[in-house]
1. Relative to the present Cα-Cα distance, how much length would full extension add between Arg192 and Thr47 at 0.36 nm per residue of separation?
2. Please state the shape class of the stretch 129-180: rounded when a/c is under 1.5, otherwise prolate if a/b exceeds b/c and oblate if not, all from the C-alpha gyration tensor.
3. If amide H atoms are built 1.01 Å from N in the plane of the peptide, which residues on other chains or at least 5 residues away come under 5 Å of the amide H of Ala159?
4. At a Förster distance of 25 Å, what's the computed FRET efficiency of Ala31 paired with Met84, Cβ-Cβ distance as r, to 0.05?
5. When the Karplus curve 6.51 cos²θ - 1.76 cosθ + 1.60 is applied with θ = phi - 60°, which whole-Hz ³J(HN,Hα) does each residue of the stretch 45-58 get, with x for Gly and Pro?
6. List, in order, the whole-Hz ³J(HN,Hα) value for each residue of the stretch 162-172 obtained from phi through the Karplus relation with A = 6.51, B = -1.76, C = 1.60 and θ = phi - 60°; use x for Gly and Pro.
7. How far apart, in nm, are the 7 Å Cα→Cβ label points at Arg185 and Ser170?
8. What FRET efficiency, computed as 1/(1 + (r/R0)^6) with R0 = 35 Å and r the Cβ-Cβ distance, is obtained for His120 and Gln18, rounded to the nearest 0.05?
Amino acid sequence: MELAYYSDYAVRLVNTEQPERGTDSLTSVEAVRELFGPAQQSARRATDSDVTRLRTVRSRLRAVFEAADAGDEVLAVDLLNALMMEFPVSPQISGHEHRDDGGTSRSGGAESGRGRPDWHMHIADHAANATAGYAATACMGLAFHLTDLGVDRLGLCQARPCRNVYLDTSTNRSRRYCSDRCATRANVAAYRARKRLESERSARTGRTAETTQDSTPATDR
């Protein structure tokens, strides 16, 4: 599994809160465990304390995205580096699958005696608590994404009041919204705004023509 894959951990955590809407889904131990997904050792260690701790990490990660969205690359990197210093990772080489003689990856343990391990980098889970494990994974994944694709690939949804964060993986760096739903909503709002402006301009033009006609001297008519 490539380490950049873990960048989605950061997105999932930050998007548990929508500040401009006043909503927050990170309110329980169950919510913490859901962030990890299935079969995660750290998730089983989650306690009530991790709700508060992860909320703090969430605010700091959002600040990274906000700095990137504002074009302040140095600040974004500094904020992320500070998090990685506080939540270090333990990378290790792992091989969950094996390759057959043709190089195709397939499931199966080493005891089968066939093929060779499909080696890849993996983040080892030796954290003291659920927050430390999640934060280390999220920050390292985000760091790999940032250095591989660029700081400008970290974005904030432009469809207010959403402001969810996202990772832009488009080929032309054109993404502006966190989802198709927000993109559609923003396009509809923009269309309605244009139609309203056109209507107002037409109304003003009509009033101007009427005023001009009324002010023309009778001898000139």
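1. Details: separation 145, 0.36 × 145 = 52.20 nm, distance 4.74 nm.
Using 0.36 nm per residue and subtracting the Cα-Cα distance, I get 47.5 nm.
2. Values: a/c = 3.33, a/b = 1.46, b/c = 2.29.
The shape class here is oblate.
3. Under 5 Å from the amide H of Ala159 lie the amide H atoms of Cys178, each far enough along the sequence or on another chain.
4. 0.55
5. Rounded to whole hertz, the list is 8, 5, 10, 4, 5, 6, 4, 5, 5, 5, 5, 5, 4, 4.
6. The phi angles translate into 4, 6, 5, 9, 7, 10, 7, 10, 5, 6, 10 Hz.
7. It works out to 1.8 nm between the two label points.
8. Details: r = 35 Å, r/R0 = 0.99.
Efficiency, from the Cβ-Cβ distance: 0.50.
No lab work stands behind these numbers, since they all come straight from the coordinates. Quick caveat, the model's predicted, so the values are computed rather than measured. So basically every Cβ, Gly included, is an ideal-geometry build from the backbone, and we count neighbours across all protein chains shown.
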